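Any read-out appearing in this document is the output of simple, stated calculations on the displayed coordinates, not a laboratory observation. Keep in mind that this is a model prediction, so the values were computed, not measured. Here the Cβ is made from the backbone with ideal geometry for all residues, glycine too, and neighbour counts use every protein chain on show.
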């Protein structure tokens with residue numbers, strides 16, 4: 001007999017446990033964006049990365065993005081200064097000793113994330129909740145690698161975090177109601193809207209989005225159209241703000257490939273087979289904007305197609 005989990009994922013009665021402080025592991029694109037929105041919402045933030053230079057870059061990025069919000073009259077200079085003052089950075093997980101909630105925003109590789117959790121959890125207080133910002137990997141499996149699967153959850157922010165309004169919340173099989181309610185409340189405090197997903201490969205957004213990107217790469221691979229034609233067709237024909245190949249470069253081709261592997265391995269359906277051309281680009285180190293070259297070459301302005 002099949003039993004739906006829909007009733008289980010609704011918030012339970014009573015107030016959610018309060019999250020009064022946030023920790024973030026990983027100072028990359030997603031980590032610094034999460035730090036930005038949490039600090040701007042009035043929460044003390046501890047941002048930890050193994051690379052001190054990554055922390056310096058993150059603080060520079062947060063400062064520039066806050067400045068953009070000032071220029072758009074979304075925040076004041078005082079709010080910017082207060083937000084920056086709420087962020088503490090460092091390289092030691094011991095900084096999380098008193099933190100209520102820690103979000104992992106490391107690279108999208110399961111083995112890396114599991115190593116992070118094994119190193120992180122001994123430094124946390126017993127009641128601390130932990131989340132992964134993974135865009136595709138099983139929350140149940142990641143939670144089982146921690147000492148607190150009942151307090152473990154998926155909190156998938158969209159990129160760029162300060163701009164995008166959605167947060168996907170994903171419960172593992174062991175995630176308890178108080179953790180779910182607390183994280184849902186936190187997302188709303190950050191000004192986000194939430195969508196709750198079952199713990200299936202790639203969740204909701206990437207289950208649909210990344211196979212579309214993969215299909216666009218197949219269209220290029222099979223010479224259905226060139227890069228500009230494929231992107232123009234989807235921007236003007238489907239009213240997408242970015243073409244799928246341009247979007248792949250923005251996300252990172254390595255991340256797109258990782259998500260396709262998760263879908264293909266997890267669902268065993270040939271429609272999720274990663275396009276060989278996507279594999280080839282990643283093998284070449286052409287990962288998109290972050291490396292300066294992907295489907296477009298970003299050493300030129302405006303960028304030009306690489307094929």
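Here are the numbers:
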{"read-out": "The range 138-167 residues near the modelled residue 64 label - backbone nitrogen below 17 Å, point 7 Å along Cα→Cβ", "value": "160-163"}
{"read-out": "Cα point-scatterer Debye curve for the chain, base-10 log of I(q)/I(0) at q = 0.10, 0.12 Å⁻¹", "value": "-0.58, -0.84"}
{"read-out": "For the chain, built as a Gaussian network whose Cα springs stay under 10 Å, the top-fluctuating residue of 182, 20, 58", "value": "20"}
{"read-out": "Gyration tensor (alpha-carbon) shape descriptor, the range 185-283, a/c threshold 1.5", "value": "oblate"}
{"read-out": "Cα-projected label distance for residue 268 with residue 91, points at 7 Å along beta-carbon direction, nm", "value": "4.5 nm"}
{"read-out": "Helix 177-189 vs. the chain, principal-axis angle (Cα, 0 to 90°, nearest 10)", "value": "70 degrees"}
{"read-out": "Share, in percent, of DSSP beta bridges within the chain that are antiparallel, nearest 5", "value": "25 percent"}
{"read-out": "Gain in span if fully extended, residue 50 to residue 239, counting 0.36 nm per residue against the direct Cα distance", "value": "64.0 nm"}
{"read-out": "The range 22-197: Rg to Rh, with Rh as the Kirkwood radius over Cα pairs", "value": "0.95"}
{"read-out": "For the range 28-97 versus the range 245-307, the gap between their alpha-carbon centres in whole angstrom", "value": "28 Å"}
{"read-out": "Hypothetical label at residue 159: residues of the range 265-282 whose amide nitrogen lies under 17 Å (7 Å Cα-Cβ projection)", "value": "278-279, 281-282"}
{"read-out": "Label point distance in nm, residue 71-residue 212, each placed 7 Å from Cα along Cα→Cβ", "value": "2.9 nm"}
{"read-out": "Over the chain: helical MRE at 222 nm, DSSP H runs n ≥ 4 each giving -39500 (n - 2.57), nearest 500", "value": "-13000 deg cm²/dmol"}
{"read-out": "Global form of the range 79-162, assessed from the alpha-carbon gyration tensor, a/c cut-off 1.5", "value": "oblate"}
{"read-out": "Mean Cβ neighbour count within 10 Å, used as a protection proxy, ranking 270-279, 211-220, 238-247 highest first", "value": "211-220, 238-247, 270-279"}
{"read-out": "Approximate spin-label separation residue 223-residue 297, in nm, with each point projected 7 Å along Cα-to-Cβ", "value": "2.2 nm"}
{"read-out": "C-alpha long axis of helix 110-120 to longest principal axis of the chain, angle in °", "value": "20 degrees"}
{"read-out": "Between helix 52-71 and the chain: long-axis angle, C-alpha atoms, 0 to 90°, nearest 10", "value": "80 degrees"}
